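Remarks on the structure that follows.
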Amino acid sequence: MSMNYDANKVDDMVLALLHLTSSSDRGVVRAWKGHDWDALDRLHEKGLISDPKTKAKSVVLSDEGAQRARELFQKLCGS
C-alpha cells in the first residue's frame, strides 16, 4: 500500500529527530543516522548533514542544519 506524503515535511521531522539524538564535541554536532535513508539523502543534498552513505554510525550536521534542527525540534515537540 502506497501513501502520498510531503517529503519536505518528512525531512523537517527527521531533522528535528536528529536534534534529539545529537551531541556536540569540539564544535562538531553529530547525530545517529538511524532514520529513513531517502530523507537522509535529501537532507544531505540540501547541505544540512554530511553524506550518510559512510560506515560511520552518525552524520555531522552543518551549522545551518544544527540550527534548523534545534528550531524544528522546538516547534514540533516543544511545550
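The values are calculated or read from the model by the stated rules, or taken from the named source; none is laboratory data. Here the structure is a predicted model, which is why all the values come from computation and not from measurement. Here Cβ is always computed from backbone atoms with ideal geometry, including for glycine, and neighbour counts include all displayed protein chains. Accessible surface areas use protein heavy atoms only, side chains included; no ligands, DNA or RNA. Shrake-Rupley method; radii C 1.70, N 1.55, O 1.52, S 1.80 Å.
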Exercise. Which residue out of K53, K57, K9 is on the phi < 0 side of the Ramachandran plot and in contact with a strand residue (DSSP E or B) (Cβ under 8 Å, 6 or more places away or on another chain)?
Worked result: K57
For this session: Could you please find all residues in region 66-79 being surrounded by 15 or more Cβ atoms within 10 Å (Cβ to Cβ) and touching a helix residue (DSSP H, G or I) at 6+ places or on another chain (Cβ under 7 Å)?
Result: R68, A69, R70, L72, F73
Seminar exercise, completed: Matching residues in region 3-23 (in contact with a helix residue (DSSP H, G or I) (Cβ under 8 Å, 6 or more places away or on another chain) and not aliphatic (A, V, I, L, M)) number 4
Exercise. What are the residues in region 4-50 that are under 16 Å from Q67 (Cβ atoms) and touching a residue at least 60 places away in the same chain (Cβ under 8 Å), if any?
Worked result: D12, A16
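I'd like to check something: does region 59-78 contain any residue that is among the aromatic types (F, W, Y) and modelled with pLDDT under 95? So that I can check it myself, show each step before the final result.
Keep residues of region 59-78 that are among the aromatic types (F, W, Y), which gives 73.
From what's left, modelled with pLDDT under 95: none.
There is no residue in region 59-78 that is among the aromatic types (F, W, Y) and modelled with pLDDT under 95.
Tell me, yes or no, whether region 29-45 has at least one residue that is small (G, A, S), open to solvent by 80 Å² or more (accessible area, probe 1.4 Å) and at pLDDT below 95. Outline the logic, then answer.
As a first pass, look at region 29-45 and keep what is small (G, A, S): 31, 34, 39.
Remaining after also requiring open to solvent by 80 Å² or more (accessible area, probe 1.4 Å): none.
Checking region 29-45: not a single residue is small (G, A, S), open to solvent by 80 Å² or more (accessible area, probe 1.4 Å) and at pLDDT below 95.
Name the residues in region 1-12 that are of a type outside the set (V, I, T) and surrounded by fewer than 17 Cβ atoms within 10 Å (Cβ to Cβ), would you?
To start, the set of residues in region 1-12 that are of a type outside the set (V, I, T) comprises 1-9, 11-12.
Passing the criteria: M1, S2, M3, N4, Y5, D6, A7, N8, K9.
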For this session: Would you mind stating whether S22 is modelled with pLDDT of 95 or more, within 10 Å of the chain's Cα centre (by Cα) and hydroxyl-bearing (S, T, Y)?
Result: yes
